[in-house]
Amino acid sequence: MRLHELQHAFARAVLTGEGLPPVFRAGPVPVEAALRVHRNTVLGAGVNALRLSCPTVDRLVGEAFFDQAAAAFVRSSPPRVARLSAYGEGFAEFLASHAPAAVLPYLPDVARLDLAMDQAVRSPQGERRFVLEAGVTLALPAGLTALWLDYPADRIRNALEAGDDAALAAIDLTPRPRPLLVWRSGEASAIAAVSAPAAAFAGALMAGGAADAALTAAIFHAEPEEALAAIQGEIFGGAFCRILKGEQT
């Protein structure tokens, strides 16, 4: 068995308790007992990292449910890098297929928002600039992200943070398009509910598209006049945006 095969087999045995290569022999401590120590350490670190990144999910479902779901995710998608603060990619998709979470169809969107806000805080400060036309440049936060959600994850998060059970119970959970923008604001993250044209425009720019391509993406979601009005009011007029003219560009 080659070294990388041995390493993969050991990692699998740590996570699942199965497939331990025969090269590992019992010493003063039985192999299974030693593996349990490693397993508990790995699972505990992964679960804790997810709890820190997804506080709304944790509050919403409770510690026991969260621990079970997070541990199952860690087993299926263990961390690939040592920096656990960046761990969590794929957790929302996992929750969408996790049978015990089927009664909470909004949970994956709550996780998406949690992870986006956590990522925004860790994104570099500064701006990205986009030329709109000669002498006019749009400056947006470097870590701005457009989220396309079906459930009001922002309202759920706000109600839970405020401890407002009445507000939580009154939230309309009917699925429908609910675009959000998420960005870093100082040492915290900020969110804004926007229209589909505005989200499409910002998302296309942040993905590297030119201004005309971003406008085309916005018009896909609305008539040209409506899309332009949304961009003007929700992006150009947003607290996160700066319009630079002349020599400022």
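The values are calculated or read from the model by the stated rules, or taken from the named source; none is laboratory data. Computed from a predicted model, the values in this text were never measured in an experiment. Quick reminder, even Gly has a Cβ in these numbers, built from the backbone with ideal geometry, and neighbours come from all protein chains shown.
Quick rundown of the values:
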| read-out | value |
| --- | --- |
| Complete set of residues in the stretch 96-108 that are touching a residue at least 60 places away in the same chain (Cβ under 8 Å) and assigned to a helix (DSSP H, G or I) | none |
| Check on residue 15, modelled with pLDDT of 85 or more, in a helix (DSSP H, G or I), surrounded by 15 or more Cβ atoms within 10 Å (Cβ to Cβ) and aliphatic (A, V, I, L, M) | no |
| Enumeration of residues in the stretch 166-213 that are of a type in the set (Lys, Arg) and out of contact with any helix residue (DSSP H, G or I) (no Cβ under 6 Å at 6 or more places or on another chain) | 176, 178 |
| Output for the stretch 73-95, where each listed residue is modelled with pLDDT of 95 or more and either part of a loop (DSSP other than H, G, I, E, B) or loosely packed, with under 15 Cβ neighbours inside 10 Å (or both) | 90, 93 |
| Test: residue in the stretch 55-69 that is in contact (Cβ under 8 Å) with a residue 24 or more places away in the chain and either in contact with a Ser or Thr (Cβ under 7 Å, 6 or more places away or on another chain) or farther than 23 Å from residue 154 by Cα (or both) | yes |
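For every residue, the table says whether it meets (1) in contact with a Ser or Thr (Cβ under 6 Å, 6 or more places away or on another chain); (2) among the aromatic types (Phe, Trp, Tyr); (3) at pLDDT below 95; (4) over 20 Å from residue 177 (Cα atoms).
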{"residue": "97", "(1), (2), (3), (4)": "no, no, no, yes"}
{"residue": "114", "(1), (2), (3), (4)": "yes, no, no, no"}
{"residue": "121", "(1), (2), (3), (4)": "yes, no, yes, yes"}
{"residue": "125", "(1), (2), (3), (4)": "no, no, yes, yes"}
{"residue": "144", "(1), (2), (3), (4)": "no, no, no, no"}
